[in-house]
Amino acid sequence: MLSTILNEVMSLQPIAALGAAIGASLTAIGAGLGIGKIGSSAMEAIARQPEAAGDIRSNMIVIAALIEGVALFAVIVSALAIFIK
């Protein structure tokens with residue numbers, strides 16, 4: 001299915017490049033906002049329950065890593081739309 005989509009995109013290469021750039025930038029913005037929200041919520045939770053700081057911090061790191069993984073995947077897909085011919 002991806003190859004079919006990429007074949008169609010190749011006929012619209014300039015538009016694909018613009019779409020890929022927009023997709024990559026929206027992904028970076030969304031990941032930044034998501035990680036910021038995680039950090040904010042974690043700090044509020046630690047302020048309410050200081051004894052659970054270790055658990056909250058470790059969960060925060062795991063969730064932030066998952067968000068970064070999804071963001072990286074989206075940027076790679078955007079780059080594939082430009083470079084695969």
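The values are calculated or read from the model by the stated rules, or taken from the named source; none is laboratory data. Because the structure is predicted, anything quoted here is derived from the model rather than measured. Cβ coordinates were reconstructed from backbone atoms using ideal geometry, including for glycine residues, and neighbour counts include every protein chain displayed. With ligands, DNA and RNA removed, areas are computed over all heavy atoms of the protein, side chains included. Shrake-Rupley method; radii C 1.70, N 1.55, O 1.52, S 1.80 Å.
Within the accessible area of the chain, the carbon and sulfur atoms contribute 74%, probe 1.4 Å, all protein chains present. The relative contact order of the chain comes to 51 percent, based on Cα pairs under 8 Å that sit 6 or more residues apart. Estimated at the nearest 10 Å², the accessible area of Ile76 is 90 Å² with a 1.4 Å probe. Normalised Debye scattering of the chain at q = 0.11, 0.22, 0.27 Å⁻¹ gives log10 I(q)/I(0) of -0.44, -0.95, -1.18, counting only Cα atoms as equal scatterers and leaving out solvent.
The residues packed around Ala42, meaning those with a beta-carbon under 13 Å from its beta-carbon, carry a net charge of +1 if Lys and Arg are +1 and Asp and Glu are -1. Accessible surface for the chain, divided over its residues, is 70 Å² per residue with a 1.4 Å probe.
Summed over all non-identical Cα pairs, the Kirkwood treatment of the stretch 5-47 gives a radius of 12.6 Å.
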